[in-house]
Each structure stands twice: as structure tokens, then as C-alpha cells.
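The values are calculated or read from the model by the stated rules, or taken from the named source; none is laboratory data. What you see is a predicted model; the values in this text were computed from it and never measured. Keep in mind that these areas ignore ligands, DNA and RNA; they rest on the heavy atoms of the full protein, side chains included. Shrake-Rupley method; radii C 1.70, N 1.55, O 1.52, S 1.80 Å.
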Amino acid sequence: MARVLIVEDDRVIANAMATHLRRAGLAVEVVEDGERALKKLRFERPDIAIVDLMLPGIDGWRITEDLRSEGITIPIINVSARASEHDKVHALGIGGDDYLAKPFGMRELVARVEAALRRSGMGRPDGADRIEAPGLIIDPDLHMALLDGEDAGLTRTEFRLLSVLASEPGRALTRDQLQQRVWGTPYRHRDRTVDVCVRKLRAKLDRRSRSHTYIQTHYSVGYRFDPLPKPVAGHPA
């Protein structure tokens, strides 16, 4: 069942959308403000988002721009009472996948959501997004990391952190980027959340692996996924 996040501060409209989408067999959640929406989109990764552009606080324009700048590719359908060509073009230009001008019919909304889900590859072949490295398989369908053929026993948060790092191999990601993508909250000075989770990942992967280390420290920047062979016993590193 595909998961839909509706970001809409008008409760009447939000309830109508949710009702029709649920009738179409979709799992629906509604939030009313941009800040909560960003946390859910970063942390929970629904299959599609319907985002009102004119929200209080963090608006739909900012939500769309932030997600795309962070490399999050969840399909976004923007909705708004603003129906000008300029607004539609701008919304699509910053990363929206579709645009519905209010008022719109609920049957059209359902059809647009279903079309966006098809384009996004819902029902993709098993293992299409699986990441493989020497001695390590990261399988999002099983939500499991296999180290030397055995379950590494990662928690959900550890798996998310590993997946984020491994999705950009060799690239150093800052603590702020990791905090945003894994926990959905901004990084604060002296916050050790990322470091503690990296330490736990290393204990379950790097120390147990017979041949490689996977999580490397990029000093003054953050961490990167970069499988490196362990030194052979009796030989210098």
C-alpha cells in the first residue's frame, strides 16, 4: 500500500483529500504545518507528498526546494489557490512533479496521485535499489544489511544512516546533512547523535568484517562510505 503525506492547513480540504485517497486504497497521513512536514518527509520517506504552497511558517515552496536540494526524490504534487502560469512553471522548476490549482476535483486528485506513483516506479523489481560493496549488501526491500552473508543486526536508525551514507559512496557528508536526512532535525553544536550512531555502526560492521572497513571519518567535514581493505596481519597498513 503506497503511503501519501498530505501537507495542508485547511482541515476541510485535507479531510476531503484523505477520504478519497483512502477509498482508492492508499495509506494517508495529514500534517498542517511545514516544519512537521519536513521532518516526516526526511525521516519517514512516504511514497508521495501532496503539498499546499501557501502554508504558515515554512511554506510549500521552501519544502519543495529543501527536499530537492537534499537529494530526496519523493514525488511532490503541489496544490494552491494560485493558478497563474508563472506559479505553475515556478513550482515545477524548483522540483515539483505536478500542480493542481484549487478548487480541484477529488477524482482528478486521485488520478494525478496514481499517475505520479506509476512514474516514480512503485512496484519496481525487487532489489532494484540494493547496494553492494565488498562483503556487504544493503537491501532496502528486506530493510537489512548483510555482512559476509549474515544479518548485521542493525536497528532501523542505523540502517537509515548506513543507507544515506552508502547512497553517495566516497562523498563526505556533514553531520548536519546526516542529522537532517536520518533524523529530520537540524544539527546543533555539540550534539553527538550522529557520532554515537556512527560508532555503533562501526562496531557492527567495521569491527566484525573479515576484510573491510566501511565508514570513514573525513576530518573537519563528517563521514563517508568508502570500503577500504583491512591491513593484512603482519603487514604495515
(request) Any aspartates and glutamates with Cα under 19 Å of the residue 39 Cα? List them, leaving off those in the same chain fewer than 8 positions away. (result) 8, 9, 29, 47, 52, 59, 65, 66, 70, 158, 176, 191
(message) With θ taken as phi - 60° and the coefficients 6.51, -1.76 and 1.60, list the Karplus ³J(HN,Hα) couplings across region 36-50 in order, rounded to whole Hz; mark glycine and proline as x.
(response) 5, 4, 4, 4, 5, 5, 6, 8, 9, 6, x, 7, 7, 10, 10
(message) Below 8 Å between Cα atoms, with a sequence gap of 6+, how large is the relative contact order for the chain in percent?
(response) 14 percent
(request) Would you indicate which of [x] 1.25; [y] 1.01; [z] 1.04 is the value of Rg/Rh (Cα atoms, Kirkwood Rh) derived from the coordinates of this structure? (result) [z]
(message) Rolling a 1.4 Å sphere over the protein heavy atoms, what is the accessible area per residue of the chain, to the nearest Å²?
(response) 53 Å²
(message) If you restrict to DSSP beta bridges whose two residues both lie in the chain, what percentage is antiparallel, to the nearest 5?
(response) 50 percent
(request) Let me have the 222 nm mean residue ellipticity of the chain computed from DSSP H runs of 4+ only, each contributing -39500 (n - 2.57), with the sum over all residues rounded to the nearest 500. (result) -10500 deg cm²/dmol
(request) Quick one: pull the percent of accessible area on the chain belonging to carbon and sulfur, 1.4 Å probe, ligands and nucleic acids left out. (result) 51 percent
(message) If I build a Gaussian network model for the chain, linking alpha-carbon pairs within less than 10 angstrom, which residue out of 23, 62, 181 has the largest mean-square fluctuation?
(response) 23
(message) Given axes a ≥ b ≥ c from the Cα gyration tensor, I'd like to know whether region 130-237 is rounded (a/c under 1.5), prolate (a/b larger than b/c) or oblate.
(response) oblate
(message) Using a Cα-Cα cut-off of under 26 Å, which lysines could be cross-linked to residue 204, ignoring same-chain neighbours fewer than 8 residues away?
(response) 230
(message) Can you work out the Karplus-derived ³J(HN,Hα) for every residue in region 66-76? Use 6.51 cos²θ - 1.76 cosθ + 1.60 with θ = phi - 60°, whole Hz, and x for glycine or proline.
(response) 5, 4, 5, 5, 8, x, 8, 9, 3, x, 10
(request) Determine the shape class of region 133-183: with a ≥ b ≥ c the square roots of the Cα gyration tensor eigenvalues, call it rounded for a/c under 1.5, and otherwise prolate if a/b is greater than b/c, oblate otherwise. (result) oblate
